[in-house]
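The block underneath contains the structure these notes are about, expressed in structure tokens.
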Amino acid sequence: MRSKFLLTSFLFLTFFYQAYSQNRVDRPLQVQANLSGVFLKTVGPSLADSEVDDLQVQNWGWPGLSLGYHLNRAIYLGYSFQPNRNLILKESWGFTTEVKDGNITVDHNSGAFHNFDLRISPFKKLGLFGAVSYTHITDADYSMEFRRTSSTMLIGNNSYDTDMDVQWNFKSLSTLAMGLGYTWIHKSGLSFTMAIQVPLASGDFYENIKFVPVNANEMISSQDLELAEERLQDEMFFYPVQLSLNVGYNFARF
């Protein structure tokens, strides 16, 4: 999914390569709404991994907000906020890497993003920029329903006669992030930004994992549950990549 976001971003940047000359100096104060939720709602399913059967974006209508100031033609400082997106994913999956013996529905949140952004635009007219941000991503809830496609399901080293419900949390993160984007500013003040940003974080992102067998009479060994938790930790149903598709206005110097 991340690679497809990068490809889409590149196509947009290529389209605007020969756009109007920038007005970053004359109109330095930038206020924009982030409409990436509408974009994800429209084309998100086609950008998802090929193994994903369905991807729904529930909270797509709430825009994000970006406020910033171009100190000069090369340097921009700002703050941006992107609200939580409620996502529902459906695909074939398994609690081991060997088999996919069930269908899952994962109802999860992206978390809200708070960013303090530094953007560097090395070109005088071209609005291409690189970005470094300090980003905070709030914690998010996950709920997964696993339903077997055969008589039993494999968990760890053993098979069990049950389906499984799982709840857990995505940890809150405060980390650096790197990004690439393009800002276009018309002489009238109308402005547009498209960017993609990836947090520089690693490790276990999940916590408070709770397995609930649908068949309460089926006892699953603690060793197999530990292996199932390791499998879940290795699976990133959503990686907190931030997509900006901003439209707004740039104000002239007072």
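The values are calculated or read from the model by the stated rules, or taken from the named source; none is laboratory data. Just so you know, these numbers come straight off a predicted model, no measurement behind them. Backbone-built Cβ (ideal geometry, glycine too); neighbour counts: all protein chains shown. Only protein heavy atoms, including side chains, enter the accessible area calculation; ligands, DNA and RNA are left aside. Shrake-Rupley method; radii C 1.70, N 1.55, O 1.52, S 1.80 Å.
Pick from region 165-191 the residues that are closer than 18 Å to PHE251 by Cα and open to solvent by 30 Å² or more (accessible area, probe 1.4 Å): which of them is nearest to the chain's Cα centre (by Cα)?
So the residue we want is TRP184.
Output the residues belonging to region 212-254 that are closer than 28 Å to SER133 by Cβ, of a type in the set (D, E, K, R) and part of a helix (DSSP H, G or I).
The answer is ASP234, and nothing else.
Within region 109-165, take every residue that is touching a Phe, Trp or Tyr at 6+ places or on another chain (Cβ under 9 Å), acidic (Asp, Glu) and part of a strand (DSSP E or B) and give me the one that is nearest to ILE88 (Cα to Cα).
Filtering first and then ranking leaves ASP141.
Consider region 229-254. How many of its residues are among the small types (Gly, Ala, Ser) and at pLDDT below 95?
Quick first cut of region 229-254, residues among the small types (Gly, Ala, Ser) only: 244, 248, 252.
Adding the requirement that they be at pLDDT below 95 leaves 244, 252.
Residues that pass the stated criteria total 2.
Please state which one of LYS90, LYS100 is in a strand (DSSP E or B) and farther than 28 Å from SER133 by Cβ.
Details: LYS100 fails: in a strand (DSSP E or B).
It is LYS90.
Restricting to region 196-236, what's the tally of residues that are among the polar types (S, T, N, Q), without any contact (Cβ under 8 Å) to a residue 40 or more places away in the chain and open to solvent by less than 50 Å² (accessible area, probe 1.4 Å)? Steps first, please.
Keep residues of region 196-236 that are among the polar types (S, T, N, Q), which gives 197, 202, 208, 215, 217, 221-223, 233.
Narrowing further to those that are without any contact (Cβ under 8 Å) to a residue 40 or more places away in the chain: 202, 217, 222, 233.
The next check asks that each one be open to solvent by less than 50 Å² (accessible area, probe 1.4 Å); those that pass are 233.
Residues flagged as among the polar types (S, T, N, Q), without any contact (Cβ under 8 Å) to a residue 40 or more places away in the chain and open to solvent by less than 50 Å² (accessible area, probe 1.4 Å) within region 196-236 amount to 1.
Which of (1) in contact with a Ser or Thr (Cβ under 6 Å, 6 or more places away or on another chain); (2) more than 17 Å from LEU232 (Cβ to Cβ); (3) open to solvent by 60 Å² or more (accessible area, probe 1.4 Å) does LYS100 not meet, given it meets every other one?
The failed condition is (2).
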